[in-house]
Each structure stands twice: as C-alpha cells, then as structure tokens.
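The values are calculated or read from the model by the stated rules, or taken from the named source; none is laboratory data. Please read these numbers as outputs of a predicted model, since none were measured by experiment. Cβ atoms come from the backbone with ideal geometry, glycine included; neighbour counts cover every protein chain shown. These accessible areas exclude ligands, DNA and RNA; they are computed on the full protein's heavy atoms, side chains included. Shrake-Rupley method; radii C 1.70, N 1.55, O 1.52, S 1.80 Å.
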Amino acid sequence: AVLENDIPVYGGEQYRPRVTTQDAARAFVEGLEAPQETVEHQIFNVGDNDLNYQIKEVGRIVEENVEGAEVRFVKHKEDERTYRVSFDKINHILGWETEYDIADGVEEIKEWMMEEDVTDYERDNFRNSEYPYM
C-alpha cells in the first residue's frame, strides 16, 4: 500500500485476529506480574474480540489510512484458513484490554517505512516464513 498504492486482498471473508506488538508485549508483562495462582496453568489468547477482522476489513482499514492506496479484491484465494478467536478469558481474569487498534498499527508501519526509506518490502529480512502461495 505504501510503496505501490495496491492492496491485494485474496478472498477476504476469512477472519484473522489482530493485535499490535505493543499490546502483546504489555500482555506478557502483565501475565508475568499477575499473582501466580491467577495465571498458573492458564493459557490466554492475547487480543480483543473487537479486533477479529475479516481480511477484506483489514484491507479497507489500510486503504483508509494510506493515502492513494486502493484495495484490489482477488477472487482466487489459496488460503482458506479462518480464525475468529475469543479473548474473554484474558479480559475477565486479568482485566486486560488492548490499547491500540489496527489503524494504529498501519500508521506505525507506514511511518517506519518512510523513516527507514524502505523500498523493497520483499527482501528476506522482512519475512518470518515462506509461503508457497505468495
């Protein structure tokens, strides 16, 4: 979106929960600082129910926050996975809530790309895994 003004969205109906790295890090710290009897043997999904987005919604949010960028829907989707996650447990047991939303994350990435003069987002050091369908 930032470099090419293009936001390809494959399919778009699939759900993906989103959380910023700042919120995730804060959740880890709060979990470590919580009373042991509260968190012992517990597993928590880190996020917020309001941050379960369909991929097409993520594309629209990026489009709204990157000037000149446009969503391009691609009917052929190769990744059928969908995840809609409940974050009730972390919210109720730890009273934890997110502080940032997806637009905050888009703005952070956009600013970083401009500050660091990122021009080749496909370099290996920007990927955490290889996907055969990309």
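Residues satisfying the criterion are absent from the range 47-55 (criterion: over 15 Å from residue 101 (Cβ atoms) and either touching a Ser or Thr at 6+ places or on another chain (Cβ under 8 Å) or loosely packed, with under 12 Cβ neighbours inside 10 Å (or both)).
Within the range 64-84, track down each residue that is within 22 Å of residue 21 (Cβ to Cβ), touching a residue at least 40 places away in the same chain (Cβ under 8 Å) and open to solvent by 40 Å² or more (accessible area, probe 1.4 Å). If the condition is that a residue be within 22 Å of residue 21 (Cβ to Cβ), touching a residue at least 40 places away in the same chain (Cβ under 8 Å) and open to solvent by 40 Å² or more (accessible area, probe 1.4 Å), then 65, 81, 83, 84 are the ones that fit.
Please note which helices (runs of 4 or more DSSP H) are completely contained in the range 18-129 and include at least 2 residues that are of a type in the set (Asp, Glu). Reasoning before the result, please.
Numbers: elements: 21-33, 36-39, 55-65, 88-93, 102-115.
The helices (runs of 4 or more DSSP H) meeting that bar are 21-33, 55-65, 102-115.
Residues that are open to solvent by 100 Å² or more (accessible area, probe 1.4 Å) and within 18 Å of the chain's Cα centre (by Cα) within the range 85-100 comprise 97, 99, listed in sequence order.
Confirm whether residue 58 is under 14 Å from the mean Cα position of the chain (by Cα) and open to solvent by less than 70 Å² (accessible area, probe 1.4 Å).
Values: under 14 Å from the mean Cα position of the chain (by Cα): yes; open to solvent by less than 70 Å² (accessible area, probe 1.4 Å): yes.
Judged against the criteria, residue 58 is a match.
Would you say residue 103 is under 15 Å from residue 50 (Cα atoms), among the aliphatic types (A, V, I, L, M) and open to solvent by less than 100 Å² (accessible area, probe 1.4 Å)?
Numbers: under 15 Å from residue 50 (Cα atoms): yes; among the aliphatic types (A, V, I, L, M): yes; open to solvent by less than 100 Å² (accessible area, probe 1.4 Å): yes.
Yes.
Filtered by the rule that a residue be open to solvent by less than 60 Å² (accessible area, probe 1.4 Å) and farther than 16 Å from residue 92 by Cβ, the range 30-46 gives no residues. Could you check, for the range 11-18, whether at least one of its residues is over 20 Å from residue 106 (Cβ atoms), among the charged types (D, E, K, R) and modelled with pLDDT under 95? Within the range 11-18, one or more residues are over 20 Å from residue 106 (Cβ atoms), among the charged types (D, E, K, R) and modelled with pLDDT under 95.
Can you confirm whether residue 18 is within 24 Å of residue 100 (Cβ to Cβ) and in contact with a strand residue (DSSP E or B) (Cβ under 8 Å, 6 or more places away or on another chain)?
On the way: within 24 Å of residue 100 (Cβ to Cβ): yes; in contact with a strand residue (DSSP E or B) (Cβ under 8 Å, 6 or more places away or on another chain): yes.
Judged against the criteria, residue 18 is a match.
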